[in-house]
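Have a look at the structure below before the remarks.
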Amino acid sequence: MKRRLLLIFLLSSSLGLAQGVRSLGMGGVLLPGPSQAGANPAYAAFPGSWEKEGFQIPVGLVRFLPLFPETSPLAYLTDPQAFRTRFDLLSFYDQAAHPNSFLLNPARSPDEVVFRVSADGLSITDGSGKPLLPSFQVGSDPGKPRALVPDPFPSIALELGPGTYLRFGTFAGVQGVRVSPSSALAQALASGSMEPCKGSSPSPCALEASGSYSTGISLALGFAAPLPEVPGLGKVYVGARAEGFYGLGYTEGSAEARPTFDQNGNVQGAEYRYRYFLSYAPFMEGTLGQGAAGQGYGLRADLGVAVDGGEWALGLGARNLLGFARWEGLEVAYDGTAETRTRTTKRSDLSAPEFLLNGAYRLPLEVGSLLLAADARFGSTAPAFHLGLEYSLGPWALRAGVGLEGGLGFGLGAGLNLEALALDLALTTHEAPLVGGTVYGVALGVNF
């Protein structure tokens with residue numbers, strides 16, 4: 001089981017670009033500008049005066065070295081014993097989802113899931129009694145594939161004419177992660193009674209954790225250009241993009257825990273079930289040998305608009321207005337007693353749009369200046385919001401911000417912009433998936 005799950009994560013570790021270090025120091029807010037062209041095609045023609053991001057040093061990748069066996073799959077090759085005893089899938093996912101931050105205390109998987117009944121009511125804890133989060137989601141619904149794949153990294157862009165470009169590259173990333181209770185378990189947690197969980201076997205009360213990941217090669221044809229300036233408003237930019245992909249690997253999986261009862265109706269323990277779908281390109285079958293080879297491909301359409309008002313900027317992007325994705329592969333399910341393996345095909349919805357609304361405003365002060373920025377993501381993805389500010393005085397900048405994305409997170413940052421060198425440093429936080437608690441990270445950026 002552990003080796004199969006590791007294979008899934010190896011095929012799909014999150015290597016996509018995240019927010020820049022400057023943005024991370026502002027709570028993860030997405031600033032208007034060309035680096036957000038993947039979310040809003042109009043930003044491909046937008047001026048870069050709002051971002052001023054340097055090169056992000058992917059310090060989080062250090063945790064994938066065998067020096068850190070709790071997060072490094074490479075430890076399996078260098079020290080199999082340390083890998084078996086210390087490697088943690090949740091820690092690996094947490095770091096893979098934040099490649100540009102070195103996580104000081106990545107989330108740790110619970111040893112077990114315990115349904116605990118006490119005088120205070122019903123609770124779900126790990127083996128040491130620490131409460132688990134009964135509901136958590138980031139990204140899209142992990143129950144089906146999407147035409148909206150992560151942005152390619154690295155990517156190559158070619159200009160085909162005024163405002164027209166072709167972009168291609170490899171992508172790999174987390175599409176969505178969710179922890180949720182069944183309706184019966186939600187009712188039991190609300191009432192503080194286990195009665196809704198009894199009466200049938202298996203119990204209708206279940207805590208489920210699921211996730212989906214993809215990797216492949218994408219090709220995008222886009223157009224972005226300014227419109228004639230609108231008096232009293234500013235310069236308006238519009239953009240459109242069609243993007244297709246050829247899949248190298250896709251996986252979605254879920255695991256669930258249900259309480260078991262003795263003859264007297266008392267909680268006896270928990271039973272576990274899992275299911276996962278695995279697909280990879282046919283040429284990889286000889287290496288992986290899991291019987292999950294199949295074709296994966298998709299196509300989608302994106303639109304966007306943005307306004308540069310001088311001292312302010314605003315943009316609205318809509319991705320995956322129309323699209324489809326299709327993956328052939330193998331579905332494996334374990335019902336508590338036996339495992340089944342079935343060849344199947346997964347398909348996406350025809351339309352599952354995701355929207356990004358973001359903006360920024362410069363406020364001149366008597367000493368220095370203040371930048372305020374905010375963004376909101378909604379639609380087919382779990383809602384996310386960020387609010388950040390930056391105070392600039394000469395070459396120095398101080399930053400702070402807050403975000404709500406699968407939990408509450410904060411950011412603090414500082415920047416030094418000299419004539420030949422610019423440095424950015426950020427301290428980030430986010431809520432650990434499933435187990436709760438605050439995870440701290442450090443990010444570093446440089447620009448010559």
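The values are calculated or read from the model by the stated rules, or taken from the named source; none is laboratory data. The structure displayed is predicted, hence computed values, not measured ones. Methodologically, a virtual Cβ is constructed for each residue, glycine included, from the backbone with ideal geometry; neighbour enumeration extends over all protein chains shown. These area figures cover heavy atoms from the full protein model, side chains too; ligands, DNA and RNA do not enter into them. Shrake-Rupley method; radii C 1.70, N 1.55, O 1.52, S 1.80 Å.
Quick one: with all protein chains in place, what share of the accessible area of the chain is carbon or sulfur, to the nearest percent (1.4 Å probe)? Walk me through the numbers on the way to the answer.
On the way: 12670 of 20380 Å².
C and S atoms contribute 62 percent here.
Which FRET efficiency, nearest 0.05, do Tyr334 and Ile156 yield, Cβ-Cβ r, R0 56 Å? Mind showing how you got there, number by number?
On the way: r = 42 Å, r/R0 = 0.75.
Plugging the Cβ-Cβ distance into 1/(1 + (r/R0)^6) gives 0.85.
Just checking my list [x] 50; [y] 46; [z] 42 against percent of Cα pairs over 31 Å apart computed from this structure; which label fits?
Only one listed value fits the structure, namely [y].
Want the number for Ser193 to Leu408: 0.36 nm per residue separation, take away the alpha-carbon distance, what's left?
Working: separation 215, 0.36 × 215 = 77.40 nm, distance 2.92 nm.
Result for the pair: 74.5 nm of gain on full extension.
Name the residues whose placed amide hydrogens come within less than 5 Å of the amide hydrogen of Leu132, ignoring near sequence neighbours (fewer than 5 apart) on the same chain.
Here the answer is Ile124, Thr125, Asp126, since their amide H atoms fall under 5 Å of that of Leu132.
Below 8 Å, C-alpha to C-alpha, sequence gap of six or more: please give me the relative contact order for the chain in percent.
20
If the cut-off is 27 Å between C-alpha atoms, which lysines fall inside it for Lys52, apart from same-chain ones fewer than 8 positions away?
Within the straight-line limit of under 27 Å, Lys52 reaches these lysines: Lys235.
In 5 Å bins starting at zero, report the fraction of Cα pairs in the range 249-380 per bin as a rounded %.
In whole percents, the pair-distance histogram is 2, 8, 11, 10, 10, 9, 10, 9, 9, 8, 6, 4, 3, 1, 0, 0.
How would Asp308, Asp94, Asp79, Asp111 rank on accessible area, largest to smallest, probe 1.4 Å? Each step should come with its number before you reach the end.
Details: Asp308 35, Asp94 0, Asp79 70, Asp111 150 Å².
Result of the area sort, largest leading: Asp111, Asp79, Asp308, Asp94.
Protein chains only, probe 1.4 Å: how do Lys130, Lys52 rank by accessible area, largest first?
On the way: Lys130 95, Lys52 145 Å².
Result of the area sort, largest leading: Lys52, Lys130.
Find the accessible area per residue for the chain; the probe is 1.4 Å, ligands and nucleic acids are left out, and the unit is Å². Could you put the intermediate results ahead of the total?
Details: 20380 Å² over 448 residues.
On a per-residue basis, 45 Å².
What are the ³J(HN,Hα) couplings of the range 368-382, residue after residue, when phi is run through the Karplus curve with 6.51, -1.76, 1.60 and θ = phi - 60°? Round to Hz, x for glycine and proline.
So the Karplus estimates, Gly and Pro as x, are x, 8, 10, 10, 10, 9, 8, 8, 9, 10, 7, x, 7, 10, 4 Hz.
FRET efficiency for Tyr391 and Asn266, Cβ-Cβ distance as r, R0 = 45 Å, nearest 0.05?
Details: r = 59 Å, r/R0 = 1.31.
With a Förster radius of 45 Å, E is 0.15.
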